[in-house]
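Worksheet: one structure, shown below.
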Amino acid sequence: MTDPSSSRRWPRLPFSPWHLLLAPLALLFAVPLIWLGLSSVMSDAEINRFPPALWPSGIHLGGYRFVLGNAMFPRWFANSLIVSAVAVVSNLLLGALGGYAFARMRFGGSRVLLVLMLATMAIPFQLTMIPTFLVMRKLGLVDTLGALIVPSLVTPFAVFLLRQFFLSLPRELEEAAWIDGCSRLRVLFQIVVPLSRPALSTVAVLTFLTTWNDLSWPLIALNHDANYTLQLGLTTFRGQHHTQWSAVMAGNVITVLPVLLAFLAAQKTFVRSITSTGLKG
């Protein structure tokens, strides 16, 4: 006899049931990005029309031609790329050094220093921007890219995230290297760092996102338009050409693309890192 309960059994889905909930939510969060892309190929008349058009009548590339034809736009893009690249490299290097020191080295006041470092993450930017500006002025870096690079050389978040990941690695690998005569720096860069690619990728992506999208600090530290980053340049561009919304949308699409590509490239390692850093306190 056949089991009567088997005839009432639900068919097995080829995907997780959670996808039935997550897929509509993902689509909902993607609506602004989709709207941005569609608006960038609309004409100004379609964007300004009320009610607004939901779909472009055709592919209008006037906004992209206007943005790419602007003489300062490539300079702003290059400035953002330089600042973000330097911030990523420095956070990976200095964050790894600091994270390894807090994870494996015991010295006087190490826990107090760790707590103080983490406490700085709770201080809002509005309280630190004036002291930071005064320091940059003393160093003669105001209105230069150095004013954006120096405060971003290393962040407490990078040090803490890498420390948490280093704690999840087995000590036996490092002890075996020490027996073979390796120094701490050699152990860090030849053994620990290659095993920490998920955490390093996460630090790189989040640092890139934060630096690339920063607007508040460049608005304070920079005066000359030749030194503007892309975010700051777009605000000025939007103020000067407020009626050409297709150009504004096209500029935002070009700005979002590097961020989107960086996240997609490190998506798997990002998830692995967040999972691994919670293994040990």
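The values are calculated or read from the model by the stated rules, or taken from the named source; none is laboratory data. Worth saying up front: this structure is predicted, and the values here are computed from it rather than measured. Note that each Cβ is placed from the backbone with ideal geometry, even for glycine, and that neighbours are counted across all protein chains shown. SASA here: full protein model, heavy atoms, side chains in, ligands and nucleic acids out. Shrake-Rupley method; radii C 1.70, N 1.55, O 1.52, S 1.80 Å.
Just a few scattered comments:
- Two-site FRET efficiency, I123 against A30, from Cβ-Cβ distance with R₀ of 35 Å, rounded to 0.05: 0.55
- Kyte-Doolittle at least 0.0, axis length at least 18 Å by Cα - qualifying DSSP helices, the chain: 19-40, 73-104, 125-138, 197-213, 245-265
- Separation of the Q190 and L116 label points, Cα + 7 Å toward Cβ, nm: 3.5 nm
- In this label model, R49 and L264 are separated by 2.9 nm, measuring between points 7 Å along each Cα→Cβ vector.
- Rough spin-label spacing in nm, given labels placed 7 Å along Cα→Cβ, for A78 and S216: 3.0 nm
- Prolate/oblate/rounded label for the range 71-114 (Cα gyration tensor, a/c 1.5): prolate
- Length released on extending from H224 to I59, taking residue separation times 0.36 nm less the Cα-Cα span: 55.9 nm
- Per atom type, the chain shows carbon and sulfur on 70% of its accessible surface, probed at 1.4 Å.
- Residue of L93, L200, L134 that the Gaussian network model of the chain assigns the largest fluctuation, springs spanning Cα pairs under 10 Å: L134
- Looking at the chain, the accessible area is 60 square angstrom per residue; that uses a 1.4 Å probe and ignores ligands, DNA and RNA.
- By a 1.4 Å probe calculation restricted to protein chains, W245 has an accessible surface near 70 Å², given to the nearest 10.
- What the Cβ-Cβ distance of L134 and L209 gives, at R0 = 30 Å and to the nearest 0.05, is a FRET efficiency of 0.65.
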